[in-house]
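> Got a structure for you, questions after.
The values are calculated or read from the model by the stated rules, or taken from the named source; none is laboratory data. Remember, predicted model here, so these are calculated numbers, not experimental data. Methodologically, a virtual Cβ is constructed for each residue, glycine included, from the backbone with ideal geometry; neighbour enumeration extends over all protein chains shown.
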Amino acid sequence: MRIPFISRFVTSPFDGLQEHAEKVKECAWAFQQAIECHITAQCEKFEEFRLEVDQLESDAESIKIRIRDHLPKSTLIPVDKSQLFRYMREQDKVLDAIEEALDWLSFRTEPGIPDALEKDFFLLVDAVLDPVEEMCRLVQEAGKYFRSYSEKQRRFVKDIVYTLARQEHEADKVEDGIKEKLLNMKIETTTVFHMIRLAETIGAIADHAENAADMAWSMIAR
């Protein structure tokens, strides 16, 4: 059994990653409200939600910079720094996908989501939020593992990784369903392109959450 040595750190990098993950989750909630606001077409706060997402992304960026600044070359951490930065990059890309989806949606002045696709997009947003929630739980539990090196905790983290992968697969199926429906609808080509790109960008939220989980598992399974 490996001997815990995280107590030799002044601060665990996983504390910062957890704080960053919580900002990602807040951003995802604001994103959900923005999408629901846009789809109902009776909400005038879409831009407010979009600006809230921008502010939360800025807050998360400050946390990310602080994590990097507190990892000088001489700092001892329980994982390879390159792995840690790869993980942080994927977690950060969840935020990028959220911002990109809202920006893309805002580019069209006309209502961007046809009535026949409203339910599908609601389902897609719900489907990508699940992996984000699970990603936050993963960071917290991974931090606990590196404090205890408990085999039971290791298996618990592994179960979260598997759950997140399953959720990402479910989100992919919803995304594919939207694309299939769009390509068989008699609507203008611009709308088809806009909606397919929107579905792919929203789907990328779950993709990056799963990638982050894979990176977390690589740190634990080494």
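> Is it fair to say PHE146 is of a type in the set (A, V, I, L, M, F, W, C), surrounded by fewer than 20 Cβ atoms within 10 Å (Cβ to Cβ) and assigned to a helix (DSSP H, G or I)?
no
> Please go through segment 133-178 and give me each residue that is under 16 Å from ASN211 (Cβ atoms) and polar (S, T, N, Q), ordered by number.
If the condition is that a residue be under 16 Å from ASN211 (Cβ atoms) and polar (S, T, N, Q), then THR163, GLN167 are the ones that fit.
> Check VAL125 against each of (1) buried (at least 16 other Cβ atoms within 10 Å of the Cβ); (2) of a type outside the set (Gly, Ala, Ser); (3) at pLDDT below 95 and name the one condition it does not meet.
(3)
> Being farther than 16 Å from PRO13 by Cα and of a type outside the set (Phe, Trp, Tyr) is the filter here, so list the residues in segment 136-156 that pass it.
Answer for segment 136-156, where residues must be farther than 16 Å from PRO13 by Cα and of a type outside the set (Phe, Trp, Tyr): SER150, GLU151, LYS152, GLN153, ARG154, ARG155.
> Given the options ILE178, ILE187, ILE205, name the one that is farther than 20 Å from VAL24 by Cα, of a type outside the set (D, E, K, R) and part of a helix (DSSP H, G or I).
Within the list ILE178, ILE187, ILE205, the selection yields ILE178.
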